[in-house]
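Notes for the one structure printed next.
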Amino acid sequence: MIGVLILVGIVVAIGLWAAGMYNRLVALRNRFQNAFAQIDVQLKRRYDLIPNLVETAKGYLKHERETLEAVIVARNQAVTGLQGASAQPGNPAAMKQLAGAEAGLSGALGRLFALAESYPDLKANQTMNTLMEELTSTENKIGFSRQGYNDAVTAYNIGRESFPANLFAGGFGFGPAQLWEIENPQEREAVKVSF
């Protein structure tokens, strides 16, 4: 009888330990998904500002239609990339697609800002200046949100890769999460949004 009680006690202890490990991994996964949701909010805000920026610039940059269209195309690709990543935050393929789309958008915006430098009337436009300030603020928030996301993903990956959780994480459905990494050195440079 004592042997049975000891065996039951061991089984209960193992069950509680496994439940605790599972709950810890769930909490870590939810933290990085929440961190991605913060990026999602800021990127959507950025995407909403871009059409207004392009509309304001249109009147001044009539002969630069290709640049304006490139910004809109890049914005739309970034929106599509964000939708894919939002459906599966941390998924390596979705995160790479989003990072690539964001790089394209940053490049297109950089070309627009460089072009706008040669139009003094556009630089003096109050609406354009307000949009630029909003975009600068949003870029800063995106940077902070990315840092928070990467911190949460790192904590999650450490949790799932640490012993003994690594023995059970895959069986519980906890796959690795992808950091938001910048692969191209030119992408590491911030988009200059000042006039």
> Out of (1) of a type outside the set (Val, Ile, Thr); (2) in contact (Cβ under 8 Å) with a residue 40 or more places away in the chain; (3) touching a Gly at 6+ places or on another chain (Cβ under 6 Å), what's the single condition that is false for ALA37?
Replying inline: (3)
> When LYS96 is evaluated against the numbered criteria (1) in contact with a helix residue (DSSP H, G or I) (Cβ under 8 Å, 6 or more places away or on another chain); (2) closer than 20 Å to ILE142 by Cβ; (3) not small (Gly, Ala, Ser), which criterion, by number, is the only one it fails?
Replying inline: (1)
>> Quick test for you: out of ILE72, ILE2, pick the one residue that is within 20 Å of LEU122 (Cβ to Cβ) and either surrounded by fewer than 17 Cβ atoms within 10 Å (Cβ to Cβ) or touching a helix residue (DSSP H, G or I) at 6+ places or on another chain (Cβ under 9 Å) (or both).
In response: ILE72
> So, in the range 37-59, of the ones that are surrounded by fewer than 18 Cβ atoms within 10 Å (Cβ to Cβ) and farther than 30 Å from GLY148 by Cα, which residue ends up modelled with the lowest pLDDT?
Replying inline: GLY59
> Of these, GLY159, GLY148, GLY90, which one is part of a loop (DSSP other than H, G, I, E, B), under 30 Å from ARG24 (Cβ atoms) and either touching a residue at least 24 places away in the same chain (Cβ under 8 Å) or not β-branched (Val, Ile, Thr) (or both)?
Replying inline: GLY90
>> Checking LYS123 against (1) assigned to a helix (DSSP H, G or I); (2) within 26 Å of TRP180 (Cβ to Cβ), only one condition comes out false. Which one?
In response: (2)
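The values are calculated or read from the model by the stated rules, or taken from the named source; none is laboratory data. Treat the numbers as computed from the prediction; the structure is a model and nothing was measured. We place every Cβ from the backbone using ideal geometry, glycine too, and count neighbours over all the protein chains shown.
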